[in-house]
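One structure below.
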Amino acid sequence: MFEPSTITISRGALRRNLAFLRQRLNGARLCSVVKGNAYGHGLDAFIPLAMEEGVDYFGVYSADEAWHVVEHLRKCPDLFIMGMVEGDGLAWAVEHGVEFCVHDRDRLEQAIGEAGRQKRKARIHIEVETGMHRTGFDRTALGPALDLIRAHDEHIELVGLFTHFAGAESSSNDQRVTAQMAHFQQALDRSHLAGLHPTYAHQACSAAVMNYPHTVGPMARVGIMQYGFWPNQETWFRYSAVSGASTDPLKRLIGWKSRVMAITRVAAGGFIGYGTSSEAAHDMRIAVVPVGYAHGFDRGLSNLGRVLVHGQQARVAGIVNMNAISVDITDIPGVDKGDEVVLIGEQGDHRITVASFSELSEQLNYELLTRLPRDIPRTVIP
Ligand SMILES: *Cc1c(COP(=O)(O)O)cnc(C)c1O
């Protein structure tokens, strides 16, 4: 209500991105990945919007995120906890029919035990370790796990068998990723031999949908691209070279805006803000914007970042403070207190992209987005 900045989420952009993705998915089910507070877009704003646009299945990282979705949404979509779930969280997931990842024997036994106690079926996805070396059943552990599932099939619904690629966005990982696919196929064959037929064998993330389309199968877990970002530049260049597309088919959903809180003058030779990193070479006009590193405006953008005021670029002058930045409006006439300031998004003919933001501060799009604080209000715009 009284927040110093707001984030907007564009329905039109999401609609376009989903249309592009659905074409690539070719009928496969889309699991919309919304971990990290929907990559910073806000779970509460993004999920209902995506549901209105036809998405019915979401992937979160942990049980608390799934709990948040179930508690806060009137109509509950299918949910898949891809990472962390144990103890009470696991019991809760079984009770609510929330699907979850089983990556080791411990969790499998917990799932079977809990489902038995509740006289329900635990809806699980078995994660296969294929070369990422993070989590999942390796070759020796998979067989016994499949046998255990088989022996408890009244308490287990095997929704998925899956793996995650260790860098499908970069051709320098091609050998490793290709080996992962072969390994995953063996694991799937093995589950069939054991008499188990997971509903979805799934491997593809955004980058794999683009770079290894044959890995899509019956389902893909797509995060970053639905928000309008390429996993990295290489993936966009590869797509553009193959398809001949010169304009980006993806549109960013997110915009971030604030207002001018104060205007001040600095005479030549004066310093702006803390310390001496920014000295006025000439008489300057400075606008103070009430957004700082506590709001996710990276401190690395000190003296580097740009915002838009009156449709023109204004440079950050001095150090990014905890709750404010100063921007140079010397050459932008007529700026007044209360005028709109765009931190990310468009104004006039100019645009500040998350990518340029993150190039300047050496953060990845993924990181910058997920750092946007939860308490900035999110508003859906057409
Ligand atoms: C984050 C994540 C995804 C989505 O990755 P994107 O690159 O954003 O598409 C898919 N699968 C798993 C297991 C993930 O953790």
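The values are calculated or read from the model by the stated rules, or taken from the named source; none is laboratory data. In this text, all values refer to a predicted model and were calculated from it rather than measured experimentally. Neighbour counts run over all protein chains shown; Cβ positions are idealised from the backbone, glycine included. SASA here: full protein model, heavy atoms, side chains in, ligands and nucleic acids out. Shrake-Rupley method; radii C 1.70, N 1.55, O 1.52, S 1.80 Å.
Does the stretch 138-160 include one or more residues that are within 30 Å of Leu14 (Cβ to Cβ) and not in a loop (DSSP other than H, G, I, E, B)? Scanning the stretch 138-160, I find at least one residue that is within 30 Å of Leu14 (Cβ to Cβ) and not in a loop (DSSP other than H, G, I, E, B), so the answer is yes. From (1) over 20 Å from Thr199 (Cα atoms); (2) open to solvent by 20 Å² or more (accessible area, probe 1.4 Å), pick out the condition that doesn't hold for Asn37. Just one mismatch for Asn37, condition (2). Reported count of residues in the stretch 279-310, each being in a loop (DSSP other than H, G, I, E, B) and open to solvent by less than 50 Å² (accessible area, probe 1.4 Å), is 10.
Among the residues making up the stretch 336-353, those that are touching a Lys or Arg at 6+ places or on another chain (Cβ under 9 Å), surrounded by fewer than 18 Cβ atoms within 10 Å (Cβ to Cβ) and closer than 13 Å to Val289 by Cα are Lys337, Gly338, Asp339, Glu340.
Residues that are within 16 Å of the ligand (Cβ to nearest atom) and of a type in the set (Asp, Glu) do not occur anywhere in the stretch 325-332. Within the stretch 143-162, the presence of a residue that is within 16 Å of the ligand (Cβ to nearest atom) and surrounded by fewer than 17 Cβ atoms within 10 Å (Cβ to Cβ) is excluded.
Between Glu71, Glu53, the distinction of being touching a Leu at 6+ places or on another chain (Cβ under 6 Å), away from the ligand (no atom under 12 Å from the Cβ) and open to solvent by 10 Å² or more (accessible area, probe 1.4 Å) belongs to Glu53 only. Annotation: Arg134 fulfils all but one of (1) more than 14 Å from the ligand (Cβ to nearest atom); (2) within 22 Å of Thr178 (Cα to Cα); (3) not small (Gly, Ala, Ser); the unmet one is (1).
Of everything in the stretch 212-233 that's part of a helix (DSSP H, G or I) and more than 11 Å from the ligand (Cβ to nearest atom), which residue is nearest to the chain's Cα centre (by Cα)? Reasoning before the result, please.
First, the residues of the stretch 212-233 that are part of a helix (DSSP H, G or I): 213-215, 224-227, 233.
Those still in the list that are more than 11 Å from the ligand (Cβ to nearest atom) too: 213-215, 233.
Working: Pro213: 20, His214: 23, Thr215: 21, Gln233: 16 Å.
Filtering the stretch 212-233 for residues that are part of a helix (DSSP H, G or I) and more than 11 Å from the ligand (Cβ to nearest atom), the one nearest to the chain's Cα centre (by Cα) comes out as Gln233.
Taking the residues in the stretch 81-114 that are farther than 19 Å from Asn37 by Cα, away from the ligand (no atom under 15 Å from the Cβ) and outside any helix (DSSP H, G or I) as candidates, determine which candidate is least open to solvent (accessible area, probe 1.4 Å). The residue in question is Gly97. Evaluated against (1) open to solvent by 50 Å² or more (accessible area, probe 1.4 Å); (2) touching a residue at least 24 places away in the same chain (Cβ under 8 Å), Ser172 falls short on exactly one condition, (2).
One residue stands out in the stretch 234-256 among those that are open to solvent by 10 Å² or more (accessible area, probe 1.4 Å) and of a type in the set (Val, Ile, Thr): the one that is nearest to the ligand (Cβ to nearest atom), namely Ile254.
When the residues of the stretch 1-50 are filtered to those that are in contact (Cβ under 8 Å) with a residue 12 or more places away in the chain and of a type in the set (Lys, Arg), the one that is farthest from the ligand (Cβ to nearest atom) is Arg11. Here Ser302 meets each of (1) of a type in the set (Ser, Thr, Tyr); (2) under 19 Å from Ile9 (Cα atoms); (3) away from the ligand (no atom under 16 Å from the Cβ) with one exception, condition (2).
Of the residues that make up the stretch 176-195, is at least one away from the ligand (no atom under 16 Å from the Cβ), in contact with a helix residue (DSSP H, G or I) (Cβ under 9 Å, 6 or more places away or on another chain) and among the aliphatic types (A, V, I, L, M)? Yes, because at least one residue in the stretch 176-195 is away from the ligand (no atom under 16 Å from the Cβ), in contact with a helix residue (DSSP H, G or I) (Cβ under 9 Å, 6 or more places away or on another chain) and among the aliphatic types (A, V, I, L, M).
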